[in-house]
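The values are calculated or read from the model by the stated rules, or taken from the named source; none is laboratory data. Keep in mind the model is a prediction, meaning the values are calculated, not measured. Ideal geometry is used to build each Cβ from the backbone, glycine not excepted, and the neighbour counts take in all protein chains shown. Areas reflect the complete protein model, heavy atoms only, side chains present, ligands, DNA and RNA absent. Shrake-Rupley method; radii C 1.70, N 1.55, O 1.52, S 1.80 Å.
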Amino acid sequence: MTDALYIRDDRSLAQFVERLRGVSPLAVDTEFIRERTYYPRLCLVQLAAPGVLAVVDPLAVDDLGPLWQVLTAEPELVLHAAGQDLEIMQRLAGAYPRVTSTRR
């Protein structure tokens, strides 16, 4: 059974991040608003890992730091058309995930 989570507060995010530690692979996708802004504004983070699907509402969560720590650590990340996802991760987390390979 796969859990489906909607994360909209710091406590739920902290619990979810603990669940993700050491999990690999981890699929990540972001959605954001870019119109009428100098930088993209993150609006949604979608994640999938074995046994769990989650959406994180960054407009409701005060501190995304724990999520960025997990994503820029050592898990194998699966990203599709990752250019914009990586751009927003680097800007908000201050680091890129470690890239080991790319496939086109």
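For the reader, a short list of remarks on this structure follows.
- Here the accessible area is traced with a 1.4 Å probe on the protein chains. For the chain, carbon and sulfur cover 49 percent of it.
- The phi-based Karplus calculation (6.51 cos²θ - 1.76 cosθ + 1.60; θ = phi - 60°) puts the 3J(HN,Hα) values of segment 15-30 at 5, 5, 4, 4, 5, 7, 4, x, 8, 7, x, 10, 8, 9, 9, 10 Hz, whole numbers, x for Gly and Pro.
- By the compact-protein rule of thumb, 2.2 N^0.38 Å, the alpha-carbon radius of gyration of segment 23-83 corresponds to a ratio of 1.17.
- For residue 84 and residue 9, a Förster radius of 22 Å and the Cβ-Cβ distance give a FRET efficiency of 0.25, rounded to the nearest 0.05.
- Fraction in percent of alpha-carbon pairs per bin - 5 Å, the chain: 2, 12, 24, 28, 20, 10, 4, 1, 0
- The chain, relative contact order [Cα under 8 Å, separation at least 6], %: 30
- Measuring only protein heavy atoms, the 1.4 Å probe finds residue 41 accessible over about 130 Å².
- Accessible area per residue, Å², segment 1-43 with all protein chains present, probe 1.4 Å: 74
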